[in-house]
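The values are calculated or read from the model by the stated rules, or taken from the named source; none is laboratory data. Keep in mind that this is a model prediction, so the values were computed, not measured. Here the Cβ is made from the backbone with ideal geometry for all residues, glycine too, and neighbour counts use every protein chain on show.
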């Protein structure tokens, strides 16, 4: 029988090999399989054993393996008219039964291995040689031996296989210790649609009680419900078994499943399974005996009459088929049943022979392939174009692309199994992709925090705190009232900061926010957040889904909201939305819904009436000055009562109820960061915080301007009016150690607002946030109404913590990476708590709200020590290069590896093994081929960009130092000029044999250019280009440079005339008269700041900083700045230029160019203005503004050094020649009376700014 099974597999393999070679090579004699194989290689023995495999880094393409047995057997088989070889029973008489048996097994292994090599090489086209090919061939051989169902024992003599390579199949490795014995039962008479007997009620009772009124029992407060039928997904009662040993999706993998000699059990519907790991020496004697766990399960079910199907029972069997999967406990493999896989292969052969195929039949085949490939996800990438677009199409002929995909899928069926004994790699890698290139890092052991986590996990159970996503704040406690927090206009999550510091059990956190920066921050700090989006899109369905996901495990719902705008004329619109969501929540939840609505103070009478009418009760006024050193009065509308305790007082002021809290502020200097001090007098408090917003002019509704001091106003103007003017008073600023004053830092405002240190991650998002201390006091009264106790009188009630920083804010690298046993153990623990849908690691156990959070929560990269492997420019996709580097070492192959990636898209497609994106498909197919050939089982985990160590090397410059010597534009000019020089040499038949001959050739070229009337700039670029591309010529082209200087003397440059101030003011006045303030400002600042034309064209609104009477322009890396690598700036001193620059920049985005319509429009306007003054005949252009500004600055101040610094010339001699020449040329620019009158009249328009 075994021989028949082998012949079946061999027949299928040969058929697929014929079809694959025929489809690729288009051989006319494809029917003769022996000729096809002979064409593959002259020596069918495969690569010689002494082959070095290129520094042990050759993986793909793999060398052709041995297939001598296949070739010998193919010559004996029949070849009918159909073309496919058929098994010939008569060959038994020719060869002999025993020899034929060995020959068949060897040929079967070699055929399928040859198929695997050919397909993997085709999938990984274009890849370099990466990893040890010998290990890859051995791995493929072991897979094919398992597929052939008989491991071959090949005898070698002096390293050579016997029978001249006929049985050249290498031995498999030493067997791993331990055998998996499977036990399981299937219940008899389980019902899914009819009522179960009454004896089942005790086993079908749900764990959590529900309110009696929702099940028709209003007389009972809570009641336990039992299912009358077996529901889908039901888990049977545990019958006294250890709960820690159960395998469940919502719990970590039991330790017995990963430890030697362990056991575990699982329930699914009416199925019970209890596998166990036993010693390889004793497993045969244990087969067929009842295990203790199995016996305990049956003993618990027998008294209630639960029957067991004897036909479907498994009692300690090494190889079983359970729920559509075949488990081989001896070999340690998991796959689809091999009979089903053979059916898929022959169904592929049958379908390829059909003239037309219906979409339904194709879907049947693809569905079976998908089932087989579920056990090896990278194989999913083979099926891309084969999927039909519609089920209602008529039967059609398979295209060549679809047929090739089906052939490849069938040819790799031996790889469609999971190796359960694959060890976990002790090397973790991470990769990143930026706009400059990619980067990669690898682990080198554990950090101190990682070692602590590993020790705790080794001695105790799996604690979600160790796998809490990096950057997240600690969750709530497991005692107290159970609360669902629903925050509208959430901001940065202030309500959660307050709620989690109280003894409240926060069971969920739903946020409605549309600001992307705030959403990004709350995702990081509170993983598992349920994002509701825009409040206007919250419907009944959304609230019902929220209630269904949380269930009845609540005591109350806390609804918080803050008015999102300071324009309270629109407050009525937002209040209606808040009340609508509150009404939907009360309808969906059966528990009380408490609301907290916040607004700024003071409010106008009209706005206050709008709030009171909508919310139907009087507000509570609370100022943060009682708890912090800052003023922040706010109005709160609450649905619960508050009571003053201790030295607190409640005062009814008519419009509101003022709650004056006790003096519980921390020390005056405790919140100051660094060595500074707050040296204010007693009784002075800091003003309310608002987000800094740079402005170009004084805000219209600036508060406190009349009371502000002149010094504060000056500081305010110098800081671009970012904050209210009262922040710039001396008593509101911090005194540094050197006596200078500064504004408060963000970390100091975080402390004053009650947030954890570094909570905001450097962003300016606290302007509209709640004061956490104030909200804690308010929620303490809510806690009292449900729990009967208060907490704010405790000494540590107002304590703050420190929010964890991202890894890239404090990077720490080691020199070299290496795999360690500790890393392997920690990764094994992390995989136990990971989401096991595919190979996507989603560490959400530390999330207290949802088991499957989206967006995913990032893992803690701080558990590992990292070493930079490389940073590279864009030659290959970054994340796949991580796998490429890993498989370079043979010791890294055949492992289960953890890879950290900061792209959720890449995580998803690698986990699924396929993608519909054509851009990503080619790279993913290559990645899948590498993983299949190297025996790698990738488990990808998402890591936030800020916590990705590879983010740092990925942003390294992607150019070498030599490439950065000159700009790309200059390099192109050099290339054009050198090409012209080489063309001249080729036409003149000049041959250079020594470096010294370059000077003579260059001199001849210069003479040719001068005689031919070419521009001398080409000659200058040519000489500089020769020295750039051939540095050995530097200092050896002396005669050529002398000839170029002579050329420059003979043909001096035609310099433009300098612009006079009167003409400038007239042109700027005309631009202002035509309502073009940006053009007018551009003319004025280009003259006063001596700007080059390119610097003016690239100037943006955000590059301008205004002071009281001056303006500073940030020019970036200009012509002279590129030489030093430093950005340049220039100060505009002209009052007229500064005023019109303010007008041009007013109420415009920072990133917008100063010239609204660009450089072309500015040049056209310049020419029109010249025509208006009848100056079009003179040599004037935009560059005349720089020459005129430098000339008149020198004539006005008679200081060469001043003009040299303002004009930013690097060479004093060139600047002197420049100015002297321009001063002489001033005489050429003489205006007549009409031109002077027109310019004077136009210049007067500028006074209206």
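Tell me, please, whether a residue that is surrounded by 13 or more Cβ atoms within 10 Å (Cβ to Cβ), in contact with a helix residue (DSSP H, G or I) (Cβ under 7 Å, 6 or more places away or on another chain), outside any loop (DSSP other than H, G, I, E, B) and at pLDDT 70 or above can be found in segment 1209-1232. No, segment 1209-1232 contains no residue that is surrounded by 13 or more Cβ atoms within 10 Å (Cβ to Cβ), in contact with a helix residue (DSSP H, G or I) (Cβ under 7 Å, 6 or more places away or on another chain), outside any loop (DSSP other than H, G, I, E, B) and at pLDDT 70 or above. In this structure, is residue 731 surrounded by fewer than 18 Cβ atoms within 10 Å (Cβ to Cβ) and part of a helix (DSSP H, G or I)? Spelling it out, residue 731 is indeed surrounded by fewer than 18 Cβ atoms within 10 Å (Cβ to Cβ) and part of a helix (DSSP H, G or I).
Take residue 826 and tell me if it is surrounded by 19 or more Cβ atoms within 10 Å (Cβ to Cβ) and under 30 Å from residue 939 (Cβ atoms). The answer is yes for residue 826. Here is the figure for segment 968-986: residues that are at pLDDT below 85 and either under 17 Å from residue 1012 (Cα atoms) or exposed (fewer than 14 other Cβ atoms within 10 Å of the Cβ) (or both) total 3. Considering each residue of segment 344-367, count those that are surrounded by fewer than 14 Cβ atoms within 10 Å (Cβ to Cβ) and more than 38 Å from the chain's Cα centre (by Cα), and give that number. Total meeting the criteria: 6.
Please work out if residue 1082 is modelled with pLDDT under 85, under 30 Å from residue 1142 (Cβ atoms) and part of a helix (DSSP H, G or I). No; evaluated as a whole, the condition is false for this residue. Among the residues making up segment 782-807, those that are in a helix (DSSP H, G or I) and either surrounded by 18 or more Cβ atoms within 10 Å (Cβ to Cβ) or touching a strand residue (DSSP E or B) at 6+ places or on another chain (Cβ under 6 Å) (or both) are 782, 783, 784, 807. Of the residues making up segment 703-728, those that are in contact with a helix residue (DSSP H, G or I) (Cβ under 9 Å, 6 or more places away or on another chain) and more than 26 Å from residue 1113 (Cβ to Cβ) are 703, 704, 705, 707, 708, 709, 711, 712, 724, 726, 727. Considering (1) surrounded by fewer than 16 Cβ atoms within 10 Å (Cβ to Cβ); (2) touching a helix residue (DSSP H, G or I) at 6+ places or on another chain (Cβ under 8 Å); (3) over 30 Å from residue 1164 (Cα atoms); (4) touching a residue at least 40 places away in the same chain (Cβ under 8 Å), the lone condition that residue 1030 does not fulfil carries the number (4). Only a single item in (1) at pLDDT 55 or above; (2) under 16 Å from residue 953 (Cβ atoms); (3) under 16 Å from the mean Cα position of the chain (by Cα); (4) in a helix (DSSP H, G or I) is not met by residue 900, and it is number (4). For residue 1066, the criteria (1) surrounded by 17 or more Cβ atoms within 10 Å (Cβ to Cβ); (2) assigned to a helix (DSSP H, G or I); (3) outside the structural domain of residue 1164 (by TED's automatic domain parsing) hold in every case but one, which is (3). Scoring residue 586 on the criteria (1) touching a strand residue (DSSP E or B) at 6+ places or on another chain (Cβ under 6 Å); (2) part of a helix (DSSP H, G or I); (3) touching a residue at least 12 places away in the same chain (Cβ under 8 Å); (4) over 21 Å from residue 858 (Cα atoms) leaves a single failure, condition (3). Could you check segment 634-680 and list, in sequence order, the residues that are in a strand (DSSP E or B), touching a residue at least 12 places away in the same chain (Cβ under 8 Å) and closer than 24 Å to residue 783 by Cβ? If the condition is that a residue be in a strand (DSSP E or B), touching a residue at least 12 places away in the same chain (Cβ under 8 Å) and closer than 24 Å to residue 783 by Cβ, then 634, 635, 636, 637, 638, 657, 658, 659, 660 are the ones that fit. If the condition is being loosely packed, with under 12 Cβ neighbours inside 10 Å and under 23 Å from residue 116 (Cα atoms), then segment 368-401 contributes 385, 399, 400, 401. For segment 1178-1202, the candidate set comprises residues that are outside any loop (DSSP other than H, G, I, E, B) and without any contact (Cβ under 8 Å) to a residue 24 or more places away in the chain; within that set, the residue that is nearest to residue 1106 (Cα to Cα) is 1202. Only one entry in 504, 488, 521 is over 15 Å from residue 775 (Cβ atoms), crowded, with 20+ Cβ neighbours inside 10 Å and either modelled with pLDDT under 90 or assigned by TED's automatic domain parsing to the domain that holds residue 553 (or both), namely 521.
Looking across segment 1159-1177, the residues that are touching a residue at least 12 places away in the same chain (Cβ under 8 Å) and outside any helix (DSSP H, G or I) come down to 1173, 1174, 1175. Does segment 530-544 include one or more residues that are under 22 Å from residue 586 (Cα atoms), modelled with pLDDT under 85, touching a helix residue (DSSP H, G or I) at 6+ places or on another chain (Cβ under 8 Å) and assigned by TED's automatic domain parsing to the domain that holds residue 592? The answer is no, given that none of the residues of segment 530-544 is under 22 Å from residue 586 (Cα atoms), modelled with pLDDT under 85, touching a helix residue (DSSP H, G or I) at 6+ places or on another chain (Cβ under 8 Å) and assigned by TED's automatic domain parsing to the domain that holds residue 592.
When 1017, 1022 are checked against the criterion of being under 24 Å from residue 982 (Cβ atoms) and modelled with pLDDT of 90 or more, a single residue qualifies: 1022. The residues listed here are 815, 821; of these, the one that is modelled with pLDDT of 90 or more and surrounded by fewer than 21 Cβ atoms within 10 Å (Cβ to Cβ) is 821.
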